[in-house]
Amino acid sequence: MPGVHRGTITGVRLIRQCSLYLVLLSLFAGASSGTATGQGVDGAERVPCRFTAAASATGSSPGLILGAEVLLPEGSRPDYGVHIRLNGGLGAVGEFDSVRSALPDAAVLDCRGAAVLSPGFVNAHEHPAYSYAFPDANLNSGYIHRDEWRLGTNGALQLPIPERLAYKPGDRRSAAILLAMELRHLLGGATAIAGPGGLPGVIRNIDRHRGPGDIELYDYEADVEVFPFSFQVVEDLREECAGGPVHRFAREAYDECTFMAYVPHVGEGRKASCAARAEVARYLRHVQRRDRRYSLVHGVATGREDYAVMREFDVTLVWSPRSNLALYGETVGIADGLNSGVRIALSTDWSPSGSFNMREEIKCARRVAGGALSSYTLWQMSTVNGAYALGLEDRLGVIKPGLRADLVLVGHDGGNPHDAVLTASHREVLAAWVDGRAILLSETLPESLGAGQCAALDGMAPRVCGALSAFGLSPATFAEHVEGSVPVNDVSRQAPCEVLN
């Protein structure tokens, strides 16, 4: 995949950036202390991580070993080591002492006993080009189908669609607003988001390449289609839903890109919506071709029989409970889906009706499901299942040799290590790596670990490394340009997560 182009916007190639950061690591002699996450029982400041520089400054770059409790698909592993290679990929993963012995010249960030290392969340459905806007004052949960709030169908109140914000080289305002959106997701645990828009070189962006600029922007491809049938399904199906002839859409899905996952909106409306149910039925007939990886976004109108088909034909449900509830007052039957064995991935949808970040979506999912979702299941939904929904499970979502180093490191004082990752506040975020580059870095960790010059932003504890300067921004100009858009670390104005009785 053409992900190596993503670094061009920063003035250097990605591999050169990784080389630079590893060279900087080699400049640190001895060891330095890491970030404090709290006070010890005696009131002394607690230091969770210890950094040791690379042993030599030869022409080779031995990489960085991270020591922590590591979350793997088979469970958590205390005292593990994970090697980040020069090229931004993952190397050895195993017992810390074994990894350290195999790579004696590597730099080490040892946070064992005080931190958890997880793959970053893979947000399988977002609309980055619009996800800077707050929910409209008229947002309500009374809509039956998406066409009602989009088009005012059936006399419903039409909601305004925010202006599509596209990155333009040299336009600092658009860069700042999109950067705030990406940092918001990164601070919330996501290292990858799927959907059109965003910025090259910060969080990992995933969408289909349709124009020359997309090759720089999107690291990997998935066919993230918005509406596979029509932009006015309710109107198209009006006669059919009234008992008339079956409507034939001009097309029922794209077929020319079967080499990538197909991830469309389907069944976005209440179960009482004939149009939403008809979408689900048509789509589930289509997936039986088994000609590519299929996912289904939203699926509010799905039911138990649909889940049986989805399980049989390996269709991942991409679930955005907050947005579903905010617009339709209901969401999928999550217990039925789980009991049917359907693979489920969590996603945020967009800021006008969804969660502002993945940790907020996880919080909403817990509330909706009651006790039906364990911390481990929510973690799976947010990592490996998201990657699977996009057909990228061989690249992302798991800490495994050969996959990309998209990682989050959070402080951990005991208890459930998955909960530590799912619920971490910004003060507990020690670092976040995308393709081996630390873009978020806790204040007292060495700046040489970062992807470039690190800067502090108001309202968040970890510093942002390499991203501001890449777009000609300072903290002051960044703050000026993002005024009025969704902030990096304030969720007070996001849509409610309320289950109607």
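Some notes on this structure:
- Residue selected from region 84-137 under the condition open to solvent by less than 40 Å² (accessible area, probe 1.4 Å) and among the polar types (S, T, N, Q), by the criterion nearest to the chain's Cα centre (by Cα): Asn123
- Taken over region 457-499, the residue count meeting the criterion of being part of a loop (DSSP other than H, G, I, E, B) and under 22 Å from Arg359 (Cα atoms) is 21.
- Residue in region 140-155 that is touching a helix residue (DSSP H, G or I) at 6+ places or on another chain (Cβ under 9 Å), under 23 Å from Leu217 (Cα atoms) and surrounded by 13 or more Cβ atoms within 10 Å (Cβ to Cβ) present: no
- Only listed residue being β-branched (Val, Ile, Thr), closer than 14 Å to Gly75 by Cα, touching a Ser or Thr at 6+ places or on another chain (Cβ under 6 Å) and modelled with pLDDT of 95 or more, chosen from Val384, Val421: Val421
- Across region 440-449, not a single residue is classified as among the charged types (D, E, K, R) and crowded, with 19+ Cβ neighbours inside 10 Å.
- When restricted to residues that are more than 27 Å from Gly329 (Cβ to Cβ) and either open to solvent by less than 70 Å² (accessible area, probe 1.4 Å) or acidic (Asp, Glu) (or both), region 255-283 contains 7.
- Count of region 154-206 residues, restricted to those that are within 21 Å of Ser353 (Cβ to Cβ) and of a type in the set (Lys, Arg), is 2.
- Qualifying position, being under 30 Å from Asn87 (Cα atoms) and out of contact with any Ser or Thr (no Cβ under 7 Å at 6 or more places or on another chain), among Ala405, Ala372, Ala389: Ala405
- Of everything in region 196-241 that is of a type in the set (S, T, N, Q) and part of a loop (DSSP other than H, G, I, E, B), the residue that is most open to solvent (accessible area, probe 1.4 Å) is Gln232.
- Taking the criterion of being small (Gly, Ala, Ser) and under 19 Å from Val318 (Cβ atoms), the residues of region 216-270 that qualify are Ala222, Ala253, Ala261, Gly267, Gly269.
- Selected residue (only one of Val499, Val486 is at pLDDT 95 or above and closer than 29 Å to Pro321 by Cβ): Val486
Yes or no, residue by residue, for (1) within 26 Å of Tyr283 (Cβ to Cβ); (2) out of contact with any His (no Cβ under 9 Å at 6 or more places or on another chain):
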position	(1), (2)
Pro169	no, yes
Arg173	no, no
Met181	no, yes
Thr191	no, no
Pro212	no, yes
Glu221	yes, no
Glu225	yes, no
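- Within region 304-336, considering residues that are more than 17 Å from Ala276 (Cα to Cα) and either of a type in the set (Asp, Glu) or in contact with a strand residue (DSSP E or B) (Cβ under 6 Å, 6 or more places away or on another chain) (or both), the one most open to solvent (accessible area, probe 1.4 Å): Glu312
- In the condition set (1) of a type in the set (D, E, K, R); (2) assigned to a loop (DSSP other than H, G, I, E, B); (3) open to solvent by less than 20 Å² (accessible area, probe 1.4 Å), Arg248 is compliant with all but (3).
- Just one of (1) farther than 30 Å from Arg85 by Cβ; (2) open to solvent by less than 60 Å² (accessible area, probe 1.4 Å); (3) without any contact (Cβ under 8 Å) to a residue 24 or more places away in the chain fails for Ala455. It is (1).
- Filter result (outside any loop (DSSP other than H, G, I, E, B) and in contact with a Lys or Arg (Cβ under 6 Å, 6 or more places away or on another chain)) within region 430-454: Val434, Leu441, Cys454
- Filter result for Ser353 (more than 16 Å from the chain's Cα centre (by Cα) and open to solvent by 20 Å² or more (accessible area, probe 1.4 Å)): no
- One residue alone among Leu284, Leu296, Leu217, Leu237 is within 27 Å of the chain's Cα centre (by Cα) and over 29 Å from Arg404 (Cβ atoms), and that residue is Leu284.
Residue-wise test of (1) more than 16 Å from Val116 (Cα to Cα); (2) open to solvent by 10 Å² or more (accessible area, probe 1.4 Å).
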| position | (1), (2) |
| --- | --- |
| Arg366 | yes, yes |
| Met381 | yes, no |
| Leu390 | yes, no |
| Val408 | no, no |
| Gly415 | no, yes |
| His418 | no, yes |
| Val434 | yes, no |
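- Residue in region 161-180 that is touching a residue at least 24 places away in the same chain (Cβ under 8 Å) and polar (S, T, N, Q) present: no
- Of all residues in region 472-501, exactly one satisfies the criterion of being more than 20 Å from the chain's Cα centre (by Cα), open to solvent by less than 20 Å² (accessible area, probe 1.4 Å) and either under 30 Å from Ile84 (Cα atoms) or polar (S, T, N, Q) (or both), namely Leu473.
The values are calculated or read from the model by the stated rules, or taken from the named source; none is laboratory data. All of these numbers come straight from a predicted model, not from anything done at the bench. Ideal geometry is used to build each Cβ from the backbone, glycine not excepted, and the neighbour counts take in all protein chains shown. Note: areas computed on protein heavy atoms with side chains; ligands, DNA, RNA excluded. Shrake-Rupley method; radii C 1.70, N 1.55, O 1.52, S 1.80 Å.
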